[in-house]
Amino acid sequence: MNDVVLTYAQCTDDSVYRPFTRGLNLPAGPASTDPIEYRLHRDVLIDPTEPAPGAMVAASFDVDGSERQRSIVEAIVANVEGASAEEQAGLIAAHFHLSLDGSRVLNFAEWTDDEAHIEFLGGELSRRSLEIANEMPGVRPLGFRRYHLYRSLAV
């Protein structure tokens with residue numbers, strides 16, 4: 001099993017962001033990537049009273065421009081918000097980010113645990129969300145990866 005680290009940093013502006021990314025000292029190689037700059041676009045809070053998430057899922061989409069970014073986010077948000085409580089079971093929140101260059105959307109979703117996310121993957125809400133993404137012109141789902149919180153800090 002390969003370990004993958006996701007560093008999710010929220011910075012106030014470029015004067016903080018640029019020095020932070022330069023200071024990461026990530027190893028070079030075929031698996032390394034340059035950081036992609038995103039801005040938070042929209043949050044969906046299902047159960048903000050839930051304690052720290054047991055699983056975090058980063059799902060991403062390749063899109064054709066800023067109009068498609070907003071379109072896919074609004075369509076998926078409507079799908080999630082219109083779902084029954086049973087379909088939303090285990091979902092704490094979803095945070096939709098738009099890349100500054102208009103080429104990507106990142107949905108960073110918080111789940112109570114791995115099992116809740118796995119159950120979601122086999123359910124109607126997941127099926128409808130994937131159908132929305134697959135049928136929208138200019139949007140290509142890139143998949144997802146599940147993570148577990150190792151450390152968090154707030155400054």
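Values quoted throughout were computed directly from the atomic coordinates according to the rules given, and no laboratory measurement underlies them. For clarity, every value in this text was computed on a predicted model and none was experimentally measured. Reconstructed Cβ throughout: ideal geometry from the backbone, glycine too, with neighbour counts over all protein chains shown.
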## Note on the structure
Checking rank on 97-106, 48-57, with mean other Cβ inside 10 Å and highest first, the result is 97-106, 48-57
### Query
For the range 43-155, rounded, prolate or oblate, judged on the Cα gyration tensor with a ≥ b ≥ c (square roots of eigenvalues), a/c < 1.5 rounded, else prolate if a/b > b/c?
oblate
#### Entry: Fully extended contour minus Cα-Cα distance, from ASP64 to ALA78, at 0.36 nm per residue
3.0 nm
### Query
Which value in nm describes the separation of the simple spin-label points at HIS148 and GLU124, placed 7 Å from the Cα toward the beta carbon?
3.3
